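Participant: Got a structure here, written out as structure tokens. Questions coming.
FYI, it's all coordinate maths here, none of it is from the lab. Bear in mind the structure is a predicted one, so any value in this text is a computation, not a measurement. So basically every Cβ, Gly included, is an ideal-geometry build from the backbone, and we count neighbours across all protein chains shown.
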Amino acid sequence: MPNVFSRDISQVDRASFPYIFHQNVSISLKDEPGVIRANLYLPKNLEKAPVLVTYGPYGKDIHYKDFHGKSYSEVNPAHHSEHSSWETPDPAFWTAHGYALVRADERGTGQSPGKLDTMSRGTSDAFFDVVEWSAEQSWSTGKVGLLGISYYAGSQWRVAARQPKGLACIIPWEGMSDYYRDRCRHGGILSNTFIDFWWNRQVVTNQYGRPGRAASNWGPDTVEGDLSEEELERNRNDQTIDNAQHYFRDDPYYASKEYTQRDIQVPLLSVANWGGILLHLRGNIEGYMQAGSPLKYLRFITGRHDLPFYYDEEVAIQKSFLDAFLKGEDDVHGWSKGKAPKVDLLLRKGNVGYNNSEAERTFKRRTEKEWPIARTQYTRFYLTGDRTLTEAKPAFTGYNGKLSYRALGTLENQQLIQFVTEPFKEEREITGHIVAHLNISMTPDPQFSSFANDIDIFITLRYISPEGVEVFYTGTAGDPVPLCKGWLRVSLRKINTEHPNNRHWLPHRDYFSTDVQPVIPGEIYPVDVEIWPTNVVVEKGSKIVLEVSSGDTQGCGLFKHNSTSDRCPNKFQGQNNLHFGVGLDNYVTLPIVPPVSEDTQNQ
């Protein structure tokens, strides 16, 4: 195989596009042999420009229309160009507004040789080098910003924590910040179907050296030539295998992907989508809260995850933020002076349908000074044996029994119990973090000779309109989703009460191998289940439903938890029981946000 580390394969096109296009520029790694290859898009009318960098595995040379044609057809036409690419800023738009773009193939993908190991320390190190290189070039002002969706956002948290020279700000747009909790193992339970889909369709198909890419219209073939299947296999760490084989955050696999969020010091704008209830939402909020940046902002949106990034009004926010920190132009919002609202909420009120961008644009906005909102009233709604949900604490005089459902439910064979409120007598707002406290046990199935010894809890919160129909919101892929979901593997119920991130509205679990606790048949275990944050304006006459199940239910979409190795019958099969009685209160704590008083407004 040719020496890929010294070969110059870059090409420059100054005439064909409204920007100067350099293809396959080699960026040398600093601490190890190898290169990252990137495309450059430079304004024609500027000698120097601030730089926007993206670094990811989806192929810098795969056009958006080939990667996801339907999505591209719906993207704002102002962001269509010859080099539009999935989940990244469009070069024609941004170079026209005075920015240079560096779009890099992540190590081991596209035209960048090396080990394919997404979200690893090694690939973040290479991203670090790309950022510093971008700041050092003669056509660069020395200031770098990061802007991109999903993977191109999730990787921003990690490289920003490394503090590369030249990095001036980041906009992680719908990007998880916690690899284990947000993406791979919800409550300790493997989220396998999304990982399988993502890896097999979007990542390994673009591995460096993979034959047949050009023939399948999936970008150009590797310039140095194809690798054999054996070489390809040696040159990658397969996420579908790694996540299935590793269960705990202290396993070297997961531990190697950790970083210190407080090390993030650059200004940041974290953009969270209320509909991202199984992938990015939690990470955008926690990333915002944990980052050490003196100037940080949190913005909420709705809509399919690929489209709002290109809406005119959202691009205007991106540009305003970037102009402030990369160009020093900040006369309107005051981002760099800390005058912009810290939190910009989108309030979901009414039933506007789902996957309808125009209808969702009718949701109102409100700004807040902090997250979570300081005036939040954390209010318990109690589960009863009659399957109701009530603010009045049930009065037990003795043993009150249990409600049971089968273990190992699936989307096709749902096993669940629902608890429903009375119609609300007045409008109330729910915005923030949610915790469910349950008293749970398991009864083994007698037809299995093995000893079942664990419980998986799946929780869903649903909203029923005053007309009596469930309101669905837009999920990540445009699918209908409920308000929010939460999960817990009961053997991993241990809470680290000494951790600084442990809060009464968000219990902190380490998910270490040393945290595993026994689950004995017949024993009742009080557990606190983290439910992901949400927002809804509960209208007069509407209802809230709390659903407790043993597996995926409506709204899971691409993100099913149905691995038969992770949720094997020998370990889980049987009956799960929710217990009621003296000392066995079951409740969900909802973040009720009262209206802003005049006194509060004047502060």
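Participant: Please give the length that would be gained between Arg375 and Glu391 if that part of the chain were fully extended, namely 0.36 nm times their separation in residues minus their C-alpha to C-alpha distance (nm, one decimal).
Facilitator: So the extension gain works out to 3.9 nm.
Participant: If you don't mind, there's one more thing I want to ask. Scaled to the compact-protein estimate 2.2 N^0.38 Å, what is the alpha-carbon radius of gyration of the chain, rounded to two decimal places?
Facilitator: 0.99
Participant: Got a sec? How would Glu422, Glu106 order by Cβ neighbour count within 10 Å, fewest to most?
Facilitator: Ascending Cβ contact count within 10 Å gives the list Glu422, Glu106.
Participant: Cross-link list Lys165/Lys296; Lys70/Lys319; Lys369/Lys494: which exceed 23 angstrom alpha carbon to alpha carbon?
Facilitator: Listed pairs above 23 Å: Lys70/Lys319; Lys369/Lys494.
Participant: What is the distance, in nm, between label points placed 7 Å from the Cα along the Cα-to-Cβ direction at Asn356 and at Leu46?
Facilitator: 4.0 nm
Participant: In addition: If I stretch the segment between Val596 and Thr384 completely, what's the gain in nm (0.36 nm per residue apart, minus their alpha carbon distance), one decimal?
Facilitator: 73.1 nm
Participant: Taking 26 Å as the cut-off for C-alpha to C-alpha distance, list the pairs among Lys30/Lys143; Lys60/Lys337; Lys143/Lys337 that go past it.
Facilitator: Lys60/Lys337
Participant: Now a separate question. Any idea what angle helix 312-322 forms with the longest principal axis of the chain, computed on alpha-carbon atoms, 0 to 90 degrees, nearest 10?
Facilitator: Approximately 70 degrees, to the nearest ten.
Participant: For the Cα atoms of the chain, what angle does the longest principal axis make with the long axis of helix 281-290, in degrees from 0 to 90, nearest 10?
Facilitator: Approximately 80 degrees, to the nearest 10.
Participant: Two decimals is fine: what is log10 I(q)/I(0) at q = 0.08, 0.13, 0.16 Å⁻¹ for the stretch 377-594, from a Debye sum with one equal scatterer on every Cα and no solvent?
Facilitator: For the requested q values the scattering log ratios are -0.28, -0.77, -1.18.
Participant: Starting from the Cα of Glu467, step 7 Å along the direction of its Cβ; do the same at Glu313; then give the gap between the two resulting points in nm.
Facilitator: For the pair Glu467/Glu313, the computed spacing is 2.3 nm.
Participant: Pulled fully out, how much extra length does the chain show between Glu32 and Ser138, if you take 0.36 nm times their separation in residues and subtract their Cα-Cα distance?
Facilitator: 35.7 nm
Participant: Which whole-number percentage describes the relative contact order of the chain, with Cα contacts under 8 Å and a sequence gap of 6 or more?
Facilitator: Averaging sequence separation for qualifying contacts and normalising by length gives 14 percent for the chain.
Participant: So which lysines can Lys540 reach, going by Cα to Cα under 23 Å and dropping same-chain residues fewer than 8 places off?
Facilitator: The qualifying lysines are Lys349, Lys364, Lys393, Lys425.
Participant: Now, a different point. Under 14 Å from the Cα of Lys402, which aspartates and glutamates turn up, not counting those fewer than eight places away in the same chain?
Facilitator: Asp386, Glu523, Asp585
Participant: Provide His97, His280, His79, His333 in ascending order of the number of other Cβ atoms located within 10 Å of each residue's Cβ, fewest first.
Facilitator: Arranged by neighbour count, lowest to highest, His97, His280, His79, His333 become His97, His333, His79, His280.
Participant: Step through the residues of the stretch 489-494 one at a time and calculate ³J(HN,Hα) from phi using the Karplus curve (6.51 cos²θ - 1.76 cosθ + 1.60, θ = phi - 60°), rounding each to whole Hz and writing x for Gly and Pro.
Facilitator: For the stretch 489-494, the Karplus curve yields 8, 5, 5, 10, 6, 4 Hz.
Participant: Given a Förster radius of 30 Å and the C-beta distance between His97 and Ala15 as r, what FRET efficiency does 1/(1 + (r/R0)^6) yield to the nearest 0.05?
Facilitator: 0.90
Participant: While we're looking at this one, here's another question. Pop the C-beta distance of Asn237 and Phe197 into the FRET formula with R0 = 22 Å and round what comes out to the nearest 0.05.
Facilitator: 0.80
Participant: How many nm separate the modelled label positions at Ser216 and Ser565, each set 7 Å beyond the Cα in the direction of the Cβ?
Facilitator: 2.3 nm
Participant: Work out the P(r) tail for the stretch 217-307: percent of alpha carbon pairs separated by more than 23 Å, whole number.
Facilitator: In whole percent, the long-distance tail amounts to 54.
Participant: Among the aspartates and glutamates, which have Cα under 15 Å from the Cα of Lys327 when same-chain residues fewer than 8 positions away are ignored?
Facilitator: Leaving aside aspartates and glutamates fewer than 8 places away in the same chain, those within reach of Lys327 are Glu47.
Participant: Convert each backbone phi in the stretch 406-419 into a coupling constant with the Karplus relation 6.51 cos²θ - 1.76 cosθ + 1.60 (shift: θ = phi - 60°), then list the ³J(HN,Hα) values in order as whole Hz, x for Gly and Pro.
Facilitator: For the stretch 406-419, the Karplus curve yields 5, 6, 6, x, 10, 4, 7, 9, 6, 10, 7, 10, 10, 10 Hz.
Participant: Starting from the Cα coordinates of the stretch 518-603, work out the convex hull volume and express it per residue in Å³.
Facilitator: Measuring per residue, one finds 222 Å³ for the Cα hull of the stretch 518-603.
Participant: Note down the Stokes-Einstein diffusion coefficient of the stretch 172-327 in µm²/s, whole number, using a Kirkwood radius over alpha carbon pairs, 20 °C, and 1.002 mPa s.
Facilitator: 118 µm²/s
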